[in-house]
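The values are calculated or read from the model by the stated rules, or taken from the named source; none is laboratory data. This structure is a prediction, so every number in the text was calculated from the model and none was measured. Please note: Cβ atoms are built from the backbone with ideal geometry, for glycine as well, and neighbour counts cover all protein chains shown.
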Amino acid sequence: MSIFAFAAQTIRIAVPYLFAAAGGTLAERSGIISLTLEGFMLTGAFCAALGSYYGGNSWVGVACGMGGGLVFGLLHGVVTIRYRADQVVSGVAINLLAIGVTRFFLHLAFGSSSNSPRVPGFSTVVRGEGMLAGMLPDPLIALGLFAVPAVAWAIYRTPFGLRVRAVGEFPQAAESVGVHVARVRYVAVALSGVLAALGGTYLALDQHQFTDNMSAGRGYIALAAMIFGNWDPVRGGLACLLFAAAETLQIQLQGTQAIPSQFVQMIPYVLTIVALAGMVGKSTPPAALGKSD
Amino acid sequence: MRKLFVVIVLLLVAHLGLLFVHPAGAGATALGTGLNVGVVFDVGGRGDKSFNDGAYRGAERAAKAFGVHVHFIEPGEGSDREAGLRLLAAEKMDLVIGVGFIFTDDLTETAKEYPHVRFAGVDYSLQTDDRGNIVQPPPNLAALKFREEQGSFLVGALAAMVGHSKKLGFVGGMDIPLIHKFEAGYRAGVKYVCPDCTVIAQYAGVTPDAFRNPGRGKELALSQYQSGVNVIFHASGSTGLGVFEAARQTGKLAIGVDADQFAEAPGHVLTSMIKRVDQVVFDQIDRVRTGTFRGGVYEYGLAEGGIGYVYDANNRAMIPDSVHARLNTLASEITAGKIIVPVSR
C-alpha cells in the first residue's frame, strides 16, 4: 500500500464529508441547525442520478443534484424560519422525508425500490497504481476539496459572511443595523442544501447509479466533523480528512488480518472519541444556533 | 406551528396509506385453487434483481400455475415488517412468507400468535438457547435455509482456477454468521484447488446498513484489487454494486451473489452464486396446495437444486472447459458427501 494510494482513498472517501461539512458550517453559522445534511445528501444523490439518466450527461446530473438540494434546503428554511418550527424536529423530518421521497420516486421512475439503472458519471478507467492520477477526471473531487476554502473565504472575507456570522451570534443586533435576518438565513440554508447535495451527487455519479439510502449515515459523520472543527470551515474540513483517513486505515488493516476485525472496525469511532476528548477544547456553537426568534 | 402539525399529520397519513400500496396487477390473478398467499419483502424491495425479485418470480409462477392469489407487501423501515406479517396473518392467508433473515424474530413471534396460519421464512436463521442447542421453529413455520457454503465453495474453486493470482478477494456486507457462511465456503473452495492461495476477506460494517453502502463496497474492492487480487466474490446486497463498479474501473473480475448479476458489469462478472429463492417459494406454495406443508427446517443445497452458479452464454468464454469439468466433479463430490464444506470461519 503506497502512501499515494492511501492518500487517494482518503480523499475519495472524504469528498462527500467535505461538501456536507462545508454546507453545514454555513447554515449553522447563520443559526440554523444542520441535522438535515443526511437528507440533503440523499436527495442530491437521487436527483443527480435522475438528471444524469434522463439528460444523458453527468453535468445535467450535477445540476439536478444541486437543484434537489436547493429545494430541500429551502423547505427546511421555510419550516424553521417562516414557521419557526423546532429545528431539530424539522431536521429529523427532512431526513425521513428524503428517505421516503427518494424511494417513492425511484419506484415511480425505474420500477425498482432498490436501485436505478446505470447512469453517466465521471469515474474513468483506472489500472495499476495510477490511483491518484485516476482521480483527476472527476471534477467533483476537485470541487469538494475547493468547497472548504471557498466557504471559509465566504464566511470570513465577504460582507455576506459577516452578516451570516452576525445573525448566527446575535440576530437582534444584526436586525437593528438593518440586516434582513430571515433573508440571510434563507440564503445560508439553501446554500448548505446545495453543497451537501453535491456530496450526494458525487456518491451517485461515482457509482454510476443511485441505490436506496446510499448516503448511509455520511451526513451525520459530516455533522460530527463540523462540530469537531468547532464551526470553522477549515478545521471542519481537516476533521473530515481525519475521519476519512481513519476509515481508510480500517479498510487497509481489515485486509491484513493481523488484528481482529472487530477491533479494526472500532478504529474510526475510537479515534473520534479520543480526538474529541483530547484535542478539541471547549466547543462553542454560534450563540443563536437553534433559537427560532 | 399548528399549520406544521397539520402538514405532518397529513404526511403521516399519506405515508401509512402508501405502506400498503402494492404494484398494480399483483394479487389480482385468475380464480383457481382459491389459495391465498402473502409475501412480505425484505428492505431491498421489489426490483433488487436478487432476493426479493426471486421470491416475486416464484410466487407469480405459482399464481399462474395454480391460480393462487398472491398479496405482496413491501415494508419501509423497521417495525413495518412485523405489521406486514400481522396484517396478512389476520387476513387469514393460507401461507405467509417473509423474505430475508431479518424476518426471523418477527416470524417466530407472529407464528406463535397465529397458530392456525402457515408461515415460511426465506433465510430464517435458527436461534440457539443458552446451552447451545438449536431452538426449533414453531410447528406452523417452515424455516427455509440455503447451503450457501456449497455454492460459495464452487465459485471459490472457480476463482482460484481462473484468477491468475495467489490472492483472492471476498467482500461481505454485515459481519454476521450468515455471511461468514459464504466466506467459509469460498475459502474452503479456494484452498481445495490451490492450497497456497490466500483469501482477503473484508466486511462493509456491523449494521444492516452495511448491505446498502455501495460507496464503501467500491473502496473495499479497489483496495483489494490494488493489493494484487484479480477476482472478488461479494455477499453484500447492494454494497456489492460498488464492487462491480470497482471491477469495471480496474478491468478485473467480480462474482455476483443470490441471482445472476451479469448485467451489473458485463465482461467483469465471472459468474454468480445463485440461490433459487423462486424455486423454494414455489415449492412451499405447492406444498400448501397439495396439503404436504410441514413446519420445520428445510435446507436447500446443490443436491436439492436450491444452490448453483451461473454458466451460460455470457460467461462461457471466461471459463475453460477443463475448469468447468472440474467444477462439475467438485459439485458431485459435495452432493455425494465426499467433500464436507465448513459453514463457519
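In region B:205-215, which residues are closer than 20 Å to B:Asp258 by Cβ and within 7 Å of chain A (Cβ to nearest Cβ)?
Those that are closer than 20 Å to B:Asp258 by Cβ and within 7 Å of chain A (Cβ to nearest Cβ): B:Asp209, B:Arg212, B:Asn213, B:Pro214.
Looking at A:Ala27, A:Ala45, A:Ala63 in this structure, which one is closer than 13 Å to A:Met226 by Cβ and of a type in the set (A, V, I, L, M)?
Values: A:Ala45 fails: closer than 13 Å to A:Met226 by Cβ; A:Ala63 fails: closer than 13 Å to A:Met226 by Cβ.
Only one candidate passes the filter, namely A:Ala27.
Please enumerate the residues belonging to region A:90-120 that are part of a helix (DSSP H, G or I) and in contact with a strand residue (DSSP E or B) (Cβ under 6 Å, 6 or more places away or on another chain). Steps first, answer last, please.
Here is the first cut: in region A:90-120, the residues part of a helix (DSSP H, G or I) are A:90-110.
Across region A:90-120, there are no qualifying residues.
Would you check if B:Ala159 is at pLDDT 95 or above, of a type in the set (A, V, I, L, M, F, W, C) and in contact with a Phe, Trp or Tyr (Cβ under 6 Å, 6 or more places away or on another chain)? Working first, answer last.
On the way: at pLDDT 95 or above: yes; of a type in the set (A, V, I, L, M, F, W, C): yes; in contact with a Phe, Trp or Tyr (Cβ under 6 Å, 6 or more places away or on another chain): no.
For B:Ala159, the condition - at pLDDT 95 or above, of a type in the set (A, V, I, L, M, F, W, C) and in contact with a Phe, Trp or Tyr (Cβ under 6 Å, 6 or more places away or on another chain) - is not met.
Looking at (1) among the polar types (S, T, N, Q); (2) within 13 Å of another protein chain (Cβ to nearest Cβ); (3) surrounded by 19 or more Cβ atoms within 10 Å (Cβ to Cβ), find the lone condition where A:Gln262 falls short.
Result: A:Gln262 passes all but (3).
Closer than 13 Å to B:Ser50 by Cα and either assigned by TED's automatic domain parsing to the domain that holds B:Val96 or crowded, with 24+ Cβ neighbours inside 10 Å (or both), is that true of B:Gly240?
Numbers: closer than 13 Å to B:Ser50 by Cα: yes; either assigned by TED's automatic domain parsing to the domain that holds B:Val96 or crowded, with 24+ Cβ neighbours inside 10 Å (or both): yes.
Answer is yes for this residue.
Can you pull out the residues in region A:171-207 that are β-branched (Val, Ile, Thr), under 30 Å from A:Asn57 (Cβ atoms) and away from every other protein chain (no Cβ under 14 Å)?
Step one: list which residues in region A:171-207 are β-branched (Val, Ile, Thr), which gives A:177, A:179, A:181, A:184, A:187, A:189, A:194, A:201.
Within this subset, residues satisfying the condition of being under 30 Å from A:Asn57 (Cβ atoms) are A:187, A:189, A:194, A:201.
A:Val187, A:Val189, A:Val194, listed by residue number.
Is it the case that region B:257-271 has a residue that's part of a helix (DSSP H, G or I) and within 12 Å of chain A (Cβ to nearest Cβ)? Give the steps one after another, and end with the answer.
Residues of region B:257-271 that are part of a helix (DSSP H, G or I), as a first pass: B:262-264.
Now drop any that are not within 12 Å of chain A (Cβ to nearest Cβ), which leaves B:263-264.
Within region B:257-271, one or more residues are part of a helix (DSSP H, G or I) and within 12 Å of chain A (Cβ to nearest Cβ).
In region B:82-114, which residues are in contact with a Leu (Cβ under 9 Å, 6 or more places away or on another chain) and under 23 Å from B:Asp258 (Cβ atoms)?
Across region B:82-114, the qualifying residues are B:Gly84, B:Leu85, B:Leu95, B:Val96, B:Ile97, B:Gly98, B:Phe101, B:Phe103, B:Thr104, B:Asp106, B:Leu107.
Of the residues A:Ala85, A:Ala98, A:Ala142, which is at pLDDT 95 or above and on the phi < 0 side of the Ramachandran plot?
Details: A:Ala85 fails: at pLDDT 95 or above; A:Ala142 fails: at pLDDT 95 or above.
On inspection, the qualifying residue turns out to be A:Ala98.
Residues being surrounded by 14 or more Cβ atoms within 10 Å (Cβ to Cβ) and charged (D, E, K, R): count how many of those fall in region B:318-332.
Residues that pass the stated criteria total 1.
Within region A:208-222, how many residues are closer than 12 Å to A:Phe46 by Cβ and facing chain B (nearest Cβ under 7 Å)?
Residues of region A:208-222 that are closer than 12 Å to A:Phe46 by Cβ, as a first pass: A:209-215.
Narrowing further to those that are facing chain B (nearest Cβ under 7 Å): A:209, A:211-214.
Residues in region A:208-222 being closer than 12 Å to A:Phe46 by Cβ and facing chain B (nearest Cβ under 7 Å): 5 in total.
Anything in region B:272-326 that is part of a helix (DSSP H, G or I) and within 20 Å of the chain's Cα centre (by Cα)? List them, or say none.
Going through region B:272-326, the residues part of a helix (DSSP H, G or I) turn out to be B:277-290, B:316-318, B:321-326.
The answer is B:Val277, B:Asp278, B:Gln279, B:Val280, B:Val281, B:Phe282, B:Asp283, B:Gln284, B:Ile285.
Would you mind telling me which numbered condition in (1) crowded, with 17+ Cβ neighbours inside 10 Å; (2) at pLDDT 70 or above B:Leu12 fails?
Condition (1) is where B:Leu12 drops out.
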